[in-house]
Amino acid sequence: MRINRRGALKFLGGSVALAGASGILPLRAALAEARRGGTLRVSVQNHPNDLSPFNTLNNTGFLIAELLYVGLTRIDHKLQAAPDLAQSWEANDKATEFTFHLRPDAKFQSGAQVTAADVKASIDAMLDPKTGSGSRSSIGPISDMEVVDDLTIKIRTSSPYADLPIAIGDMRMKIVSAKVLKEQGVKGLYKDADACGPFKLGKVDIESKLQFLPNENYWDKSFPYVDALELRYYPDLNSEALAFQNGEVDAMLETDNATFTVLKQTPHIVPRRQTTARFYSLTMRFDREPLNDIRVRQALRYTLDRQAMVDIVLDGYGRVAYDNILSDDYPYYYQPEKPTRDIEKAKALLKEAGHENGVSFTIFTADRPIGRMKVALAIQEMAKPAGFNIEVRRLPYDEYLSKVWKKETAYVASWGMKSTMDGYYTSLMTSDAPWADTGWNNKEFDDLVAEEQRTLDPEKRRELFRKLQELTNRDVPYIIPFYQDYLAANWDYVNDYEMHPLQYTHRLERAWLSENAPKR
């Protein structure tokens, strides 16, 4: 039985506006030649908390880090490691030592060459507990480094880690000046950003905007195209959207579903849409009744109309998922099963589990983001015909974290996208994962994760990730009904910046303005 959109809306009191997917892909001004010059104005919703790339906490900070600095590697659109400062690299057979070879033409804006010593100093700063970086544990189990010469560095890991070249492309892991770090420490980066990226810092009005100018010493002389770039801050989405519609800014790098629906109907505004692996999950504890019974978890997954949930929660701006923590954005994605709504099958599983007369439990949710509550209510209503009697309780976010997360029987969590497939497993699903929240504790799964970490051969890794995804599909630690799209918009005279599954990469040095752009 499929729930139609009208029926789906009834779950939420008819308050959700639905909009079909627009299918918009990243721009390419296919036949036009890029023009140089002009000022590109981009709106953002958050002030940067820190101009040190290591300590930034929001997407504005990630964008600034990308403008001013480069990484040892960057993560490409296929979520693979691509050259940045490092032109090439190789690993030993055990995946415990990686040798990176640097570009010889990379310079800071001061004119000093970017060397392996700067790379080592930057990674040391990232790993220093005193720095307090949110990515300290994300860049791999690095044990030591060796500066071989100015253009070569060896990085060793305490355990095999085939994903190191991807992990080290983390949004905070940028290469900064060893001289600045030595003389001023990490805090010195706030006032002395000796940039090695495509831009350098211009005028600063910390309350309203930041200006960036082309870095004359950036190695790729093709970029940037614009004469100046401005980041403008707005206190809320409404004021940001109004400024964009009034032409005060040229691009909004992120918007919500409702605003996107309005913008895509506005002449000369180009809506931008990118698939991601962001998701809400119904987390189910393996040590709490009744969800400790695999048949109950399996029954619940067969009650869901997943496309209706995309429509209800995301206004259509997403794609169906089948309880896989990995999406098809990742290179080793594998979906063993695509469960669809089957109430009779769900009833049979509940009967087999001893719940012929129904089963009851509570789903907890935080009060933000609002999508959590929508997911919980949709599951509550869709599961009723099979015999699930679900209560939904919403708590303030802080209370949810302290009393519900990793404790209660079932709750709706919200997760962003990780740069590596392994990152999901080691942060959430292995027995020793710091955020393990289901109590699954599966030794076979743990052993497979350890094996994929030490395996370099792509086809062998593919097979290992297939087995891992088969295990998660069998045991259903999470119900994940969909993956969310990333939405943005720009005026039609803005060309060729990037939208990326990880959201924090935009490559604004490649953006250019058509002849009909406002003259500033």
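Bear in mind these aren't lab numbers, they're just calculated from the coordinates by the rules spelled out. The structure presented is a predicted model; accordingly, all values stated were derived computationally and were not measured.
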Evaluated at q = 0.06, 0.11 Å⁻¹: base-10 log I(q)/I(0), Debye formula over Cα of the chain:
-0.31, -1.03
Once both axes come from the Cα atoms, what is the angle between helix 59-68 and the longest principal axis of the chain, in degrees from 0 to 90, rounded to 10?
30
Over region 164-303, what per residue volume does the convex hull of the Cα atoms give, in whole Å³?
257
List every residue whose amide H lies under 5 Å from the amide H of Val148, counting only residues 5 or more places away in sequence or on a different chain, with H placed 1.01 Å from N in the peptide plane.
Ile153, Lys154
A 24 angstrom limit on the alpha carbon distance is what I want to check against. Which of Lys78/Lys460; Lys78/Lys418; Lys347/Lys407; Lys154/Lys182; Lys107/Lys519; Lys130/Lys179 exceed it?
Lys347/Lys407; Lys107/Lys519
What are the lysines whose alpha-carbon lies under 17 Å from the alpha-carbon of Lys209, with same-chain residues fewer than 8 places away excluded?
Lys191, Lys200
